[in-house]
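Inspection log for the structure reproduced underneath, given as structure tokens.
The values are calculated or read from the model by the stated rules, or taken from the named source; none is laboratory data. Everything quoted here is computed from the prediction, not taken from an experiment. Cβ coordinates were reconstructed from backbone atoms using ideal geometry, including for glycine residues, and neighbour counts include every protein chain displayed.
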Amino acid sequence: MNFFGCKDHPQHLPINGDDMHSNNHTSTSRSSDSGDPSPDSKWAPKLLRDCARAISDGDSPRIHHLLWMLNELASPYGDCDQKLASYFLQALFCKATESGPRCFRTLSSVADKSHSFDSARKLILKFQEVSPWTTFGHVASNGAILEALEGETNLHIIDISNTLCTQWPTLLEALATRSDETPHLKLTVVLTGGIGSTGAGSVMKEVRQRMEKFARLMGVPFELKMISGLNHLGELTKEDLGVQEEEAVAVNCVGALRRVRVEERGGVIGLFRSLNPRVVTVVEEEADFTSNRDEFVKGFEECLRFFSLYFETLEESFGATSNERLMLERECSRSIVRVLACGDDEEEAGGDHDECERRERGRQWSERMKHEFRHVAFSDDVLDDVKALLKRYRPGWSLALPPPEDASSSSSSGIYLNWKDEPLVWASAWKP
């Protein structure tokens, strides 16, 4: 459906006052049922929902009206409503004009070209400094891994994440202070996204040098292996991982399983089981982008809910003029386009299988994991560590056990990082 007669981003189109009923002072406005802004509440979610429904209904005149209105009101440099409108406008425009895959490829190309190790590392570390979004899962996973591998002298951790090994210095420090013999640690890093193929080698060279230097400082025998060049995680094999019989294995998945195509997730979990690991830790963001793939409006509602909360936490964590905040918000634009405006076909979506953004909720991941593993509750010591971590951040963050429908008969199936009582991140531990 191309009712504009062009494929340009709406921000590149001229503004026509006859098509718009706009108000540039948007921080205190919202949309009325007619689509016009009115005061006293948040306006972006209402306008965006109206536009999503119009796209679902194929109502071209209303789509045209709402997209132009959003274009007038949105700004990536404004308040939270203006930012939401800006990034969701891009995805809705791509959906309406069927230009999602092309837009996604462009955004991915720009991200790859602008990527450098120093910028990515600084952004990750700054985010961890001001928000527990990632450190929550790191602390919970590290605690479960250390307990599962206690007393072992030959450790092999398989790390499937894209956080440039920022999880592991604290674990190395803990290993160095063990009362018994300091173990040998082999870390196998499987790259799953976030690093362009052209930059993976140089980035991991930097990571290797830093990790090896820190391990020497801690006095921990250490080696790092990198696996890259996979088209998707489903291609990973047991032979690639090089697991030795004498090694005590732990598999760490942080934001990795959502990048696996839905129909391949059982196979990847089965691969983990074939390694006979002492523990598998899984951390995923709490959203469901799979159940409503065929119902655009419902899928849009879930996407809007999740990213609205994410943008709110960024607003609370960073200063209004923070460059890091702007970079994190811009990273969201690619995810939003991928979810709302690209199909599931790999080639259509841009050719990168690992750019899949099909998140599932903790209870959904639990059902998948239970086919191969049994859930292991986090110990009181690990929970205390997580609670101590959250005290370092601004009020509003809390630790929560899963709601009753997520609990098994014997123990809960993980823990949640909550923002103002809304679950955002799920962490869990599993054993064969």
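Annotations for the structure displayed:
- When Cys303, Cys342, Cys332 are checked against the criterion of being at pLDDT 95 or above and farther than 20 Å from Ser428 by Cβ, a single residue qualifies: Cys303.
- Residue match in segment 379-396 (condition: surrounded by fewer than 17 Cβ atoms within 10 Å (Cβ to Cβ) and at pLDDT below 80): no
- Look at (1) within 30 Å of Gly319 (Cα to Cα); (2) modelled with pLDDT of 95 or more; (3) crowded, with 19+ Cβ neighbours inside 10 Å and you find that Asp81 fails only one, number (2).
- Against the conditions (1) at pLDDT 95 or above; (2) within 26 Å of Glu316 (Cβ to Cβ); (3) in contact with an Asp or Glu (Cβ under 9 Å, 6 or more places away or on another chain), Leu89 satisfies every one except (3).
- Counted residues, segment 114-138 - those being under 26 Å from Val280 (Cα atoms), outside any helix (DSSP H, G or I) and small (Gly, Ala, Ser): 1
- Checklist (1) among the charged types (D, E, K, R); (2) touching a strand residue (DSSP E or B) at 6+ places or on another chain (Cβ under 8 Å); (3) closer than 21 Å to Ser141 by Cα applied to Asp240, failing item: (3)
- Any pair with Cβ under 8 angstrom, 6 or more apart, that starts in segment 121-150 at a residue that is within 17 Å of Pro169 (Cα to Cα) and at pLDDT 95 or above and ends at one that is among the basic types (Lys, Arg) and in a loop (DSSP other than H, G, I, E, B): Pro132/Arg392; Leu149/Arg278
- Among the residues of segment 147-174, those identified as crowded, with 18+ Cβ neighbours inside 10 Å and assigned to a strand (DSSP E or B) are Leu155, His156, Ile157, Ile158, Asp159, Ile160, Ser161.
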